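Student: Mind looking over this structure? Questions follow.
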Amino acid sequence: MRVTVLGAGYMGSAMAEVCAMRGHDVRLWGTWLDDALVEAVEQRKDHPRLKKTLDARVKPLRSEKLAEALEGAELVVHGVSSDGLVPVLTKAAAHLPDVPILSVTKGFLPGRSGKMERVDVIASEIAGRPLRYVHAAGPAKAIEVARRVLTWMHFASADVANARACAEAVGGDHLRVTVSDDIAGAEISSAMKNAYATGLGLWDGLVGADCHNARAACFQQAVVEMVKLVAAGGGRMESAYGPAGVGDLHVTAAAGGEGQARQDGRRRDARDRGAHRGLPGDRVRVALGEGARGRRFAVPGRAPPDRLGGRRGRAHARAARAHDLSPRSRGSSS
């Protein structure tokens, strides 16, 4: 199978390595910001971020060779950050084949609706047609994926057949993959766990290494809120409780020094790119049905999570009341 990976950074290169392990014909295309990374792969040196030499079957291509990279691709892996998604897919749209697009990109972006939207929605808007988009979620640190450490990833797509096709192409050996059709739940969990992991990391700066109690309390609250946000965004609560939510939150929050180093690297990359498009927290909360101070907003076509009917709604309400640590919940009785 011919696989094209867009983005030669951490996760794009790690996924290229995995695809090569599976015996695929892999093309690793680097953006205009990836020249130093691509050059290292060209010269058979260690990848500057993964700290290892990539499989010889990975063919590196520079940014001006985007059309060549996508020609004949049977699977496309999108490994570009959310900041780079719009410019990269704008350039790639005319060359994208009708094949599954496995994306490790996480976050929300402003859409034509005027709201912050999931990445799969933005990708289809840019391409001008529905894409066979598959979101790759789960606790998967790029360095460990590339070094064959046991990893559980979760692929979600509106059409689960596309998720299964991606799982068959890249799964196996050390990379175990589960699939679902809950792309909303998986994407929202993936995006929000980054925000919550940052919040957990604040305790390290405020208290130091011995703040396990506080981190555990905030971890639990993060799970409660993530479930609510997933439900408000049209996803299923089990996605938040699974590898896309709790699993990925754990590995991101526990990353320690390496996680901080990656955050520092991202900040340097943002400075190099110039204007950095941040995501104001209040806009994200409003888009997903939660006000800046916890007030609920109606999401068109979606009931607030505490108003969901039937068994699912009752189960969600009981779980939220039992575990919510917010001041409002602490002061109320069930």
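Student: Subtracting the Cα-Cα distance from 0.36 nm times the residue separation, let me have the gained length for SER82 to GLU42 in nm, one decimal. Could you put the intermediate results ahead of the total?
Tutor: Working: separation 40, 0.36 × 40 = 14.40 nm, distance 2.58 nm.
Here the segment from SER82 to GLU42 would lengthen by 11.8 nm.
Student: Calculate the length of the line joining the C-alpha centroid of segment 107-148 to that of segment 1-78, in whole Å.
Tutor: Segment 107-148 and segment 1-78 have Cα centres separated by 19 Å.
Student: Which entries of LYS65/LYS193; LYS45/LYS193; LYS51/LYS106 show an alpha-carbon separation above 31 angstrom in the structure shown?
Tutor: Numbers: LYS65/LYS193 34 Å; LYS45/LYS193 33 Å; LYS51/LYS106 23 Å.
Beyond 31 Å: LYS65/LYS193; LYS45/LYS193.
Student: Where nothing but the Cβ of Lys and Arg (+1) and of Asp and Glu (-1) is charged, how large is the charge dipole of segment 2-181 around its Cα centre, in debye to the nearest 20? Intermediate values should be presented prior to the final figure.
Tutor: Numbers: 24 positive and 22 negative charges, 73 e Å.
Around 360 debye, computed over segment 2-181.
Student: Hey, can you rank 80-90, 233-243 by average C-beta count inside 10 Å, highest first? Intermediate values should be presented prior to the final figure.
Tutor: Working: 80-90: 19.5, 233-243: 21.7.
So the peptides 80-90, 233-243, ranked by packing, come out 233-243, 80-90.
No lab work stands behind these numbers, since they all come straight from the coordinates. Keep in mind that what you see is a predicted model, and the values were worked out from it rather than measured. Please note: Cβ atoms are built from the backbone with ideal geometry, for glycine as well, and neighbour counts cover all protein chains shown.
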